[in-house]
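Quick notes on the structure that follows.
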Amino acid sequence: MPKAAVAVPDSYHSITRPVALEATRQLAMLLGWQSSIEVLFPGDAEQAAMNGSTLDPERSLPSNFSDNGRIRVEITETAIEDRVLATAVHRKEALPIFLDKKLGIRIHPIYSGTELVFQLQFRAPNRVLAQRFREEALLKTAQNRKENLHELTYHYSIPPVYLKMLKSFHEMREATAGYNETFDVWVSNNISAKATNLTTLIGTQPLLSIGETQTCPLGWFDFNALPEKEEKNDETGTYVVNFTYTLQYDKVIGLAAEWPLMIHNQIIDPLYYSTPLASGNMIDPDREKRKPSLSRHAFDQMTNIYTDRCFKKFDGFSIPEFDEWAPSQVHPDTSTIVTVMLSLDPLDLRAVLDLDELGDIEIDSEIRDWMRTEGNRMTRYGESVFHISLYHEDVPLDDGVITIDNQLNVRATRDLNLRERYHLRIAVLHDIFRIQPPGREALRTGGNAAVKILSAMQWRLMRNSFVPQLTSAGVIPRNIFNQIGQRINDLKAPHRLGIEYRFLTVGNYIIRTNREDQNAYRNAAATNAADDPATGLPATGPDGGTLVSRCDG
């Protein structure tokens with residue numbers, strides 16, 4: 001599913017300033033300051049609100065003089081560096097603020113550990129109040145109240161690009177098999193109850209925002225017992241006490257979203273999935289045809305940083321190429337060959353796919369001819385070396401929900417829903433001993449198609465295959481067939497997982513290992529085959545077979 005992370009439009013005025021003022025007011029209550037003391041927060045602009053120009057009903061002073069008691073606040077905001085790599089961006093940790101389970105649209109906030117350092121200056125009109133403040137601080141320290149827990153209230157706005165995207169998705173939702181629901185009703189039914197509309201004082205420039213109250217952020221004073229001694233200002237006759245207070249909280253720095261590629265049987269606008277790379281290229285370099293120098297080619301063979309498009313991919317091919325769909329569960333010992341995002345025919349809701357028409361992907365002609373004889377066995381796990389299954393969202397439907405005729409037309413046994421999302425997964429069962437006897441015998445007697453299938457299954461796991469020799473009848477000897485199956489099982493042990501692997505970066509690691517001498521391995525294999533003619537397993541090079549191919553050259 002496409003994903004994006006966008007920064008909130010204005011975090012300073014909506015989050016940083018409210019948090020700073022709220023924390024300062026709570027400090028004033030904690031230290032017993034008078035409620036009439038004004039909190040002055042000029043910010044980066046070095047400008048404060050004019051007296052009487054705010055809507056604060058608690059502000060009682062009609063005028064402001066230089067000898068009034070007040071608190072002046074200056075803050076420095078920094079991200080907590082040791083928590084940056086642990087920031088959950090696309091990981092589903094925070095509760096969503098917008099969630100449509102039917103369409104698969106989710107938007108959730110991104111929290112980053114943030115530290116606010118307050119430089120506070122308390123101006124007291126006389127020495128008594130200044131000393132009282134220092135004694136209150138000493139009393140709190142003696143009560144083990146140097147560290148304090150706060151409650152912070154703020155709001156953040158939803159980026160306009162997300163609102164535009166939701167508007168586009170709603171139009172697609174209503175265009176096909178719609179619900180006759182307006183955009184406002186749809187958003188209100190799926191957005192957080194904390195959402196609210198903010199406007200100017202005259203009701204213009206509405207802004208959709210999310211209000212939050214964060215509990216238990218930790219703050220602490222920089223002094224051990226009490227602040228530094230008060231200093232007298234000779235010009236005003238007031239006394240000034242300076243101290244520092246540090247607060248750590250989780251700041252909303254952005255919103256992450258994910259959405260489907262298809263909504264109600266319609267592909268979304270390319271604007272919402274065609275994100276270019278830093279180079280400006282739209283295609284992953286790993287998917288391009290490359291012609292490196294000889295030295296670079298040798299380096300690529302050792303590191304496998306790039307993969308030639310003509311080579312096989314461990315996690316299979318995707319149709320369309322930009323589809324990043326992955327199943328949540330797969331059958332044991334199966335590996336994906338191709339996954340297809342399905343678009344239904346409104347006039348025939350049971351038509352799924354024609355395996356002869358896969359666009360840029362083409363199944364080997366001999367394998368395709370052999371698959372015609374397999375038919376519906378491929379739709380039931382364990383009855384064929386291939387397993388073709390239909391997925392609803394990312395969950396497989398029961399075996400038998402689709403049928404395959406001898407022309408390789410895949411059809412559903414019931415009408416599919418235009419509002420839902422479906423994928424077809426074509427996989428290979430790489431443990432041939434799991435195949436029931438009729439299916440296993442069909443593979444053994446499959447001629448050249450069987451040779452290519454077994455070669456591809458070996459290449460996927462060890463990059464070195466043994467190609468069996470067919471008898472005059474065009475079949476694989478039973479003992480050779482079983483030995484190859486056992487060899488595949490023995491050498492694929494490290495890859496036995498309940499589900500196909502996916503990468504998730506959680507840290508940086510260094511692994512040191514020794515690479516096996518491939519020439520020595522092949523020579524030893526050839527020697528063993530020559531020493532034991534009964535096995536009859538001739539060694540080949542690293543290029544085994546391939547089930548599907550996609551080449552530009």
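Would you please give the FRET efficiency between GLU181 and ALA351, computed as 1/(1 + (r/R0)^6) with r the Cβ-Cβ distance and R0 = 25 Å, to the nearest 0.05? According to the calculation, E is roughly 0.30.
Remark: MET165, MET29, MET1, MET457 ranked as MET29, MET1, MET165, MET457, counting other beta-carbon atoms within 10 Å and listing the fewest first. Taking packing as the residue-averaged number of other Cβ atoms within 10 angstrom, the listed peptides 114-122, 214-222 run from highest to lowest as 114-122, 214-222.
Given R₀ = 41 Å, what would the calculated FRET efficiency be for ASN126 paired with ILE80, taking r from the Cβ atoms and rounding to 0.05? Spell out each step's value before the answer.
Numbers: r = 40 Å, r/R0 = 0.97.
About 0.55, to the nearest 0.05.
Based on the mean of other beta carbon atoms within 10 Å per residue, what is the order of 381-388, 432-439, most packed first?
On the way: 381-388: 23.1, 432-439: 15.6.
Result, highest mean Cβ count within 10 Å first: 381-388, 432-439.
Classify region 80-195 from the C-alpha gyration tensor, please: rounded if a/c falls under 1.5, else prolate or oblate depending on whether a/b exceeds b/c. Mind showing how you got there, number by number?
Working: a/c = 3.93, a/b = 2.81, b/c = 1.40.
Since a/c reaches 1.5 and a/b is larger than b/c, the shape of region 80-195 is classed as prolate.
Our note on the geometry: Cα centres of region 324-345 and region 371-413, 12 Å apart. Once both labels are positioned 7 Å from their Cα atoms along Cα-to-Cβ, the gap between LYS232 and LEU99 label points is 6.3 nm. Measuring from a point 7 Å past the Cα of THR413 along Cα-to-C-beta, which residues in region 362-383 have an amide N at less than 17 Å? Answer for this model: 375-383.
Highest mean first, how do 390-397, 416-423 rank when packing is the count of other Cβ atoms within 10 Å averaged over residues? Walk me through the intermediate numbers first.
Values: 390-397: 16.4, 416-423: 18.1.
Peptide ranking by packing, descending: 416-423, 390-397.
Report, in listed order, any pair from LYS3/LYS452; LYS102/LYS194; LYS92/LYS140; LYS92/LYS164 with a Cα-Cα distance greater than 30 Å. Check vs 30 Å cut-off fails for LYS3/LYS452; LYS92/LYS140.
Values in this text are rule-based calculations from the coordinates and carry no lab data. Everything numeric here is computed off the predicted structure, so don't read it as measured data. Ideal geometry is used to build each Cβ from the backbone, glycine not excepted, and the neighbour counts take in all protein chains shown.
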